[in-house]
1. For V326, what is the net charge nearby, where nearby means another residue's Cβ is under 9 Å from its Cβ and Lys, Arg count +1, Asp, Glu -1?
2. Of K114/K135; K113/K135; K140/K173; K114/K345; K140/K164; K148/K257, which pairs sit farther than 22 Å apart, going by alpha carbon to alpha carbon?
3. Mind checking the full-extension length gain between R329 and Y263? Use 0.36 nm per residue of separation minus the Cα-Cα distance, one decimal, nm.
4. How would R280, R222, R265, R329 rank on accessible area, largest to smallest, probe 1.4 Å?
5. Given 0.36 nm per residue, what is the gain on full extension from T285 to K150 after removing their alpha carbon distance, in nm?
6. Quick one: Karplus J couplings for region 161-167, per residue in order, coefficients 6.51, -1.76, 1.60, θ = phi - 60°, nearest Hz, x for Gly and Pro?
7. Give me the percent of accessible area attributable to carbon and sulfur for region 263-347, probe 1.4 angstrom.
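The values are calculated or read from the model by the stated rules, or taken from the named source; none is laboratory data. Everything numeric in this text was worked out from a predicted model, so none of it was measured. We place every Cβ from the backbone using ideal geometry, glycine too, and count neighbours over all the protein chains shown. Quick note on the areas: whole protein, heavy atoms, side chains included, nothing else; ligands and nucleic acids left out. Shrake-Rupley method; radii C 1.70, N 1.55, O 1.52, S 1.80 Å.
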Amino acid sequence: MPRRWVATSSELRQEEILWRGSSKLNFKNLKTISVTSISMATSLMLRSSLLWTLQTHHKNHQRQHAFSNPFSDISFSTVSKPTSHCLNSSKMEGSEVTEEITELTETKVNEKKKIFVAGATGSTGKRIVHQLLAKGFEVKAGVRDLEKAKTTFSKDNPSLQMVKADVTEGPSKLAEAIGDDSEAVICATGFRPGWDLFAPWKVDNFGTVNLVDACRKLGVNRFILISSILVNGAAMGQILNPAYIFLNVFGLTLIAKLQAEQYIRRSGVNYTIIRPGGLRNDPPTGNVIMETEDTLYEGSISRDLVAEVAVEALIHPESSYKVVEVVSRADAPKNTYKDLFGSIKQH
């Protein structure tokens with residue numbers, strides 16, 4: 001049921017004060033306005049009276065000749081012809097507009113949308129780009145250094161577009177980079193360890209938030225984040241876990257990631273948050289184990305498999321609005337990604 005606006009007594013009182021104030025201001029002009037209105041009204045009445053007299057005379061003239069010409073009414077059919085023609089032309093114009101809209105809609109449906117990858121030249125990001133291209137996706141690679149990107153990716157691939165994008169520069173600039181031709185965003189960014197203790201927050205927290213805000217601004221309703229296991233290690237009782245301690249040494253990295261995750265989950269955007277175990281650069285071994293959030297506290301996985309999980313999340317709707325934790329093991333059974341994502345409950 002639609003919500004109705006009801007003015008409060010204070011609003012009504014405020015409206016009354018404004019009205020009285022404007023009335024006092026306009027009182028001096030009231031006499032001039034009244035004289036002008038009376039003059040215009042008198043002129044209008046004289047014109048209306050004259051028009052009514054002419055119409056009455058014309059109707060009486062028609063009645064006098066009605067019996068002498070039984071088809072006299074038909075003589076007025078010419079008045080309806082332009083109306084009929086207008087209606088027909090309106091219908092035709094309407095059908096033409098409909099056909100044009102249909103054609104545009106079909107064009108948009110058939111037009112391949114792009115997947116924007118933030119952090120595309122990173123160790124995991126570049127693997128995501130390659131796997132997206134292998135699956136037939138159009139890719140827009142968001143990078144900070146275009147020259148580095150040109151040495152990382154092939155220049156001759158028509159399905160790949162490279163754009164400058166720095167997640168720390170705010171949502172407005174990111175929205176320009178993502179563009180209205182992207183249908184999903186994959187965030188594979190990561191800070192570079194150094195002396196700047198705020199770097200994890202600038203990239204893994206504020207940067208991710210900027211990407212989400214850019215998506216909301218553009219109406220992009222699919223967001224995939226590469227995060228990490230143990231981001232909620234304190235709540236899991238893993239505060240003394242060596243991995244949790246090590247990853248938080250550089251500016252509380254895991255806490256920055258966790259807060260970014262929480263922002264994504266409140267954003268309303270269709271998300272999949274992927275928390276991989278320790279990342280390996282070597283080729284994939286074993287099969288993927290996928291668990292619900294705050295479950296895994298050890299294990300590792302190849303970056304190639306992480307990229308594969310991210311790409312498959314785009315394909316399978318079972319991944320929507322879920323947080324998944326992934327590692328790989330040689331003795332793990334082989335399952336389809338549909339089944340893996342389907343086994344995880346939404347929170």
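1. Values: positive: R275; negative: E291, E325.
Net of charged neighbours comes to -1.
2. Values: K114/K135 12 Å; K113/K135 14 Å; K140/K173 15 Å; K114/K345 28 Å; K140/K164 10 Å; K148/K257 26 Å.
Beyond 22 Å: K114/K345; K148/K257.
3. The R329-Y263 span can extend by a further 20.6 nm.
4. Values: R280 50, R222 25, R265 80, R329 105 Å².
Listed by decreasing accessible area, they come as R329, R265, R280, R222.
5. Details: separation 135, 0.36 × 135 = 48.60 nm, distance 2.97 nm.
Extra length available between T285 and K150 comes to 45.6 nm.
6. 10, 9, 10, 7, 8, 10, 5
7. Numbers: 1920 of 3860 Å².
Within region 263-347, the accessible surface is 50 percent carbon and sulfur.
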